[in-house]
1. Starting from residues that are outside any helix (DSSP H, G or I) and in contact (Cβ under 8 Å) with a residue 24 or more places away in the chain, keep the ones in region 73-112 and report whichever is farthest from I150 (Cα to Cα).
2. Which residues, taken from region 165-174, are in a helix (DSSP H, G or I) and crowded, with 19+ Cβ neighbours inside 10 Å?
3. Kindly establish whether G162 is touching a residue at least 60 places away in the same chain (Cβ under 8 Å), closer than 22 Å to T93 by Cα and not in a helix (DSSP H, G or I).
4. State which residue is surrounded by the fewest Cβ atoms within 10 Å (Cβ to Cβ) when the search covers only region 214-235 and only residues that are within 20 Å of G171 (Cα to Cα) and of a type in the set (D, E, K, R).
5. Among (1) surrounded by 15 or more Cβ atoms within 10 Å (Cβ to Cβ); (2) among the hydrophobic types (A, V, I, L, M, F, W, C); (3) in a helix (DSSP H, G or I), where does I183 come up short?
6. When you scan region 142-161, do you find a residue that is surrounded by fewer than 15 Cβ atoms within 10 Å (Cβ to Cβ), modelled with pLDDT of 95 or more and more than 30 Å from G103 (Cα to Cα), even just one?
7. Given the conditions (1) surrounded by fewer than 20 Cβ atoms within 10 Å (Cβ to Cβ); (2) within 19 Å of V87 (Cα to Cα); (3) of a type in the set (F, W, Y), and given that W211 satisfies all but one, which numbered condition is not satisfied?
8. Any residue in region 192-215 that's over 16 Å from E177 (Cα atoms): show its pairings with residues that are of a type in the set (D, E) at Cβ separation under 7 Å, as long as the two are six or more apart or on different chains.
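The values are calculated or read from the model by the stated rules, or taken from the named source; none is laboratory data. All of these numbers come straight from a predicted model, not from anything done at the bench. All Cβ positions, glycine included, derive from the backbone under ideal geometry; neighbour counts span all protein chains shown.
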Amino acid sequence: MTDNSNNPYAGPPAGSTPSGSSPYGATTPEPSAYGQAGAYGQAPADGESHSYGQAPAYGQVPAYGQGSGPTATAALAPWGKRVLASVLDGLLTLPGALLMTIGAGVMASGSGTSTVDPTTGEILTTGGDQGMITTGLVLVGVGWLLALVIQIYNRWVRGGRGQSWGKKVAGTWLVSERTGQPIGTGMAFVRDLAHYLDSLPLYLGYLWPLWDERRQTFADKMCGTGVTTVPPRQS
């Protein structure tokens, strides 16, 4: 028998399996000390598309309520636009306020003058006109009703749909912070009530959007609303 232990050209002994090979003939790579290399950097197979991480098309701003971060913040209305919309909405109530002012003046004229009798101390009223007083009361009532109707339709009906007249001119929308959709008439009414919180500490709540990350007043934070420069999301 020939000793092959020192022969460099001899094959492996019968029945043994060479290192790195399978007994069935397939070559098996030796495991790396650091594990197998991943497929990082490989291009996807034909027909596959991977949208994860893709940036939105240039110039597009997602609707408010979709995600967060810089793109969502870019949709928030600046403080100046919010002030403009509020001023314009307030001007709409001027006709009603004017009627109430005129009515108060008519009532004052119709009430006559009051003097005090120096001897008895009795209050004497002269020149009173009940008709003028009644007219003044009617004007005050009509003015108050007109202002209320304008407030209901403009701030709560139109505003609940997303835009009051003032916001339409300013190019802003009132939406839910969570859904990005209009908040509805009832919630618009609740939000207006919550605005009293904005005026209590020296009107600080109205100034809060100047430095707040979400540009919200106290009422916005309480009601979960935001004012944006992009249209509401479609339901």
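1. Residue satisfying both the conditions and the ranking: A75.
2. Across region 165-174, the qualifying residues are G166, K167, A170.
3. So G162 passes the test.
4. R214
5. (3)
6. no
7. Among (1) surrounded by fewer than 20 Cβ atoms within 10 Å (Cβ to Cβ); (2) within 19 Å of V87 (Cα to Cα); (3) of a type in the set (F, W, Y), W211 violates only (2).
8. From residues that are over 16 Å from E177 (Cα atoms), the pairs are G205/D198; Y206/D198.
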